[in-house]
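Structure, as C-alpha cells:
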Amino acid sequence: MLTACRWQLKPTVPADHLLNQPDLPPLIRQLLYNRGITDPSQADVFLTADRRLLHDGRLLPDMDKALPRIYQAILKGERLAVYGDFDVDGLSATALLVKGLSALGACVEPYIPHRLQEGHGLNSNALNELKDRGVSLVITADCGITGNEQISKLPRGMEVIITDHHLPGAELPAALAVIDPYRTDSAYPFRDLAGVGVAYKLLGSLYEGVGRRAELEDYLDLVALGTVADIMPLLGENRYLVTAGLQKLHACHRLGICELISQAGIAPDKLEAEHISWILAPRLNAAGRLEHAISGYQLLVTESPEEARALTQWLNEKNTERQKLTAAALSQAREQVLAKGIAPLLIASHEDFPGGILGLVAGKLTDEFYHPAIVTQIGQELSRGSARSIPEFNISEALGRCAELLSHYGGHAQAAGFTLPTSNLPAFEYQLSEIASQELSGRDMRPQIEIDAQARFHELSGATFRLIQQMAPFGHQNPTPIFLSRAVTISESRPMGTSGQHLKLKIKQNNVLWDAVIFGLGERTIEDKLPLDIVYTFEQDCWNGMSRLRLNIKDFAPTGMNI
C-alpha cells in the first residue's frame with residue numbers, strides 16, 4: 001500500500017567534480033555520483049560491468065593454505081564434503097563447489113543442515129557423522145566463521161576449510177584455512193562477496209592453477225542466484241558476477257534453474273535480478289523453511305529433466321504452503337500488535353508460529369508499520385525468534401544488550417535471530433522494548449525515500465531510459481533510480497485494477513505530458529486540481545505485446561509540502 005514517506009534528496013554533484021564531463025548527461029552523472037563513482041574512468045567500468053571489476057582470488061586470506069590441501073585430497077582420492085547453509089546463497093555455493101570439485105576429479109558430497117533441527121552453522125554431530133562416512137576434508141559454504149567450538153571438537157583425522165562472508169568474531173576458528181573477505185587481515189580489495197562469491201573465488205583459484213580458467217564461466221549463474229538472493233550490494237565486483245551470471249541464466253543451460261524459470265512463467269531472456277529476489281529465491285527457500293533444504297540443492301545440480309520438473313513442482317507447492325502459513329501467522333501477529341497499540345517495538349509470539357517463517361512475518365510487520373519487530377515461536381523450554389528492524393534502530397546491537405537473557409543470538413543491524421529459555425521471554429521482551437523506546441523517542445517514524453535526483457519532464461526520454469538501464473542490474477546499494485519532479489499537474493486519471501486500488505494517470509509539467517501509474521493507493525486521496533511534487537521511477541510498461549515508457553509514482557505531496 002502506498003504510504004506517505006519522508007523524502008531525502010541526495011546531494012548534487014559538485015560543480016568542480018571530475019564527473020562533470022560533457023559526454024555524460026546531467027542525470028547520469030548524478031546517478032553515478034550517488035553510487036560512489038569519482039571519475040570518468042570508473043564510470044566506464046561501472047557501466048560496462050566487465051572483467052575489469054574482477055580481483056585475484058589468491059588475495060583472500062588463507063587461500064595459500066587451502067589450495068594445496070584440496071589438490072592433495074583430489075590426487076589421493078580422499079573423501080570430501082561441502083557443508084553449506086540452507087538458504088539460497090548457501091545452496092548455490094554448495095552446488096558450485098560440489099559440481100566444480102567433481103569436475104576436477106574429487107570424490108565429494110554435500111551436507112545441508114536442517115534449519116529447525118540443527119540451525120545455522122557447523123554442527124558437531126553432523127561433522128562426526130561425516131567422519132564416520134570416511135570424510136577427511138570438509139569445505140564450508142556460506143557458514144563456519146563462528147564455528148570455533150565445533151572446530152575445536154573435530155574428530156581425529158578431519159580437517160576443515162572455511163569459506164564464508166559473515167563477520168568473524170574476536171577469534172577465528174582454528175581451521176586449516178579461514179577464507180573470508182571480512183577478516184581484519186584480508187588484503188582482498190572487495191569485501192561484499194556473497195557466500196557463493198567466496199566459493200567461486202576458491203574454485204576459480206583451483207581452476208586457474210590447472211589451466212582450466214575458461215570453464216569457470218559455467219558457474220556464474222549460481223553466483224548470480226546466490227548473490228542477489230542474499231541481498232548483497234550490486235556494486236564493485238558483484239556487478240560483473242551478477243551481470244555475467246544473468247547472461248548465463250538467459251542461456252538456460254542448467255536444467256533445474258531453467259525449469260524453475262519456466263514454471264514461474266518468465267521468459268529466460270527477460271530474467272532480471274528482481275525476478276531472482278521475488279520469484280526464484282522464495283521458491284528455493286521454501287523447502288528449507290518447511291522441511292529440508294536438500295531439495296533446493298538437488299534442483300540446482302540435477303541433470304534429469306524429469307527430476308527437474310518434479311522438484312520444481314514440489315518447490316512451487318511448498319512455496320504456496322509457505323505463503324498460506326505466513327499469511328495466517330501474519331494475521332495473528334498483526335492482531336497482537338494492534339491490540340497492544342503501536343509501540344516502538346512490535347512484539348508477537350505464539351506456540352503455533354512455524355519456526356521457518358518467523359523472519360518473514362517480522363519483516364512484513366516492519367514493512368507495514370515502519371517499526372522494529374520481533375516474532376517468537378514459544379516452546380515449552382526453549383523459544384526461538386526472529387527480528388527485523390529499520391535503519392534508525394540496530395537490532396543486533398540491541399539484542400547484545402539483552403545477551404544475559406539469551407541462549408544464542410546473531411545477525412545484522414536490520415535482521416537477526418535468537419533463542420532463549422522460555423522462562424526468560426517476558427523479561428527479554430520488556431528489556432528490548434525499553435531499549436527501543438529510549439532510542440526511538442522523538443523520531444519521525446515514517447519510512448524514508450532516498451531520491452537520486454530532481455528531474456524535469458523534458459529531461460526524460462527513451463535515450464535517458466536506455467542510459468539508466470546500463471546501470472543495471474539493480475538491487476541492494478544500486479537501487480532502481482528514483483526521481484523527484486515538482487509542480488506537476490494531473491491531466492487525466494482513472495482507476496485501474498479489479499477493485500480500483502490503482503490509478504492510471506496522465507501528468508503534465510510545462511506542457512510535457514507523461515503516462516504514470518500509482519499502485520496500491522489504498523486510503524490515500526490525490527487532489528487533481530493542485531500542483532503536486534511526485535517521487536517516481538522511470539520504467540518500461542509491457543502489455544499485450546506493446547511497450548511504452550511511464551512513470552511509476554512511489555509518493556506524492558502538494559507542491560512544497562515535503563522537501
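The values are calculated or read from the model by the stated rules, or taken from the named source; none is laboratory data. As the structure is a computational prediction, the values presented were derived from the model and not from experiment. Backbone-built Cβ (ideal geometry, glycine too); neighbour counts: all protein chains shown. For the accessible areas, the whole protein counts, side chains as well, though only heavy atoms, and no ligand, DNA or RNA atoms are used. Shrake-Rupley method; radii C 1.70, N 1.55, O 1.52, S 1.80 Å.
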Go through the stretch 133-168 and count every residue that is closer than 14 Å to residue 111 by Cβ and basic (Lys, Arg).
1
Does residue 351 qualify as being out of contact with any Ser or Thr (no Cβ under 7 Å at 6 or more places or on another chain), without any contact (Cβ under 8 Å) to a residue 60 or more places away in the chain and closer than 22 Å to residue 405 by Cα?
yes
Starting from the stretch 94-122, keep only residues that are more than 30 Å from residue 358 (Cα to Cα), then list their pairs with residues that are in a loop (DSSP other than H, G, I, E, B) and of a type in the set (Val, Ile, Thr) whose Cβ atoms are within a distance under 9 Å, requiring at least 6 positions of separation or different chains.
104/210
Are any residues in the stretch 299-356 of a type in the set (Val, Ile, Thr) and either modelled with pLDDT of 95 or more or buried (at least 21 other Cβ atoms within 10 Å of the Cβ) (or both), and if so, which ones?
301, 302, 312, 320, 326, 337, 347
Is it the case that residue 240 is part of a helix (DSSP H, G or I), touching a strand residue (DSSP E or B) at 6+ places or on another chain (Cβ under 8 Å) and open to solvent by less than 40 Å² (accessible area, probe 1.4 Å)?
no
Need the failing condition index for residue 542 against (1) modelled with pLDDT under 90; (2) surrounded by 12 or more Cβ atoms within 10 Å (Cβ to Cβ); (3) assigned to a strand (DSSP E or B), just the number.
(2)
What tally of residues in the stretch 476-497 results from selecting those that are open to solvent by 40 Å² or more (accessible area, probe 1.4 Å) and assigned to a strand (DSSP E or B)?
9
If a residue must be aliphatic (A, V, I, L, M) and touching a Phe, Trp or Tyr at 6+ places or on another chain (Cβ under 7 Å), how many such residues does the stretch 534-563 contain?
6
In the stretch 377-475, which strands (runs of 3 or more DSSP E) lie fully inside it and hold 1 or more residues that are open to solvent by 50 Å² or more (accessible area, probe 1.4 Å) and farther than 30 Å from residue 5 by Cβ?
382-388, 408-411
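This table checks each residue for (1) of a type in the set (A, V, I, L, M); (2) more than 17 Å from residue 118 (Cβ to Cβ); (3) crowded, with 19+ Cβ neighbours inside 10 Å; (4) in contact (Cβ under 8 Å) with a residue 60 or more places away in the chain.
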position	(1), (2), (3), (4)
131	no, no, no, no
134	no, yes, no, no
140	no, no, yes, no
144	no, no, yes, yes
167	yes, yes, no, no
170	yes, yes, no, no
Scanning the stretch 60-87 for residues that are within 30 Å of residue 289 (Cα to Cα) and surrounded by fewer than 21 Cβ atoms within 10 Å (Cβ to Cβ) gives 79
For the stretch 98-117, state whether one or more residues are open to solvent by less than 20 Å² (accessible area, probe 1.4 Å), small (Gly, Ala, Ser) and modelled with pLDDT under 95.
no
Where in the stretch 1-114 are the helices (runs of 4 or more DSSP H), entirely inside, with at least 1 residues that are under 22 Å from the mean Cα position of the chain (by Cα) and among the aromatic types (Phe, Trp, Tyr)?
40-48
Using beta carbons and a limit of 6 Å, which pairs, at least six apart or on different chains, have the first residue in the stretch 386-411 and under 16 Å from residue 439 (Cα atoms) and the second one of a type in the set (Asp, Glu) and outside any loop (DSSP other than H, G, I, E, B)?
393/439
If you go through the stretch 243-279, how many residues are in a loop (DSSP other than H, G, I, E, B) and open to solvent by less than 40 Å² (accessible area, probe 1.4 Å)?
5
Residues that are open to solvent by less than 10 Å² (accessible area, probe 1.4 Å) and within 26 Å of the chain's Cα centre (by Cα), drawn from the stretch 516-536:
518, 535, 536
Can you name the residue in the stretch 118-129 that is within 18 Å of residue 297 (Cβ to Cβ) and modelled with pLDDT of 95 or more and, of all such residues, is most open to solvent (accessible area, probe 1.4 Å)?
129
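Conditions (1) of a type in the set (A, V, I, L, M, F, W, C); (2) touching a residue at least 24 places away in the same chain (Cβ under 8 Å), marked per residue:
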position: 312; (1), (2): no, yes
position: 321; (1), (2): no, yes
position: 324; (1), (2): no, no
position: 343; (1), (2): yes, yes
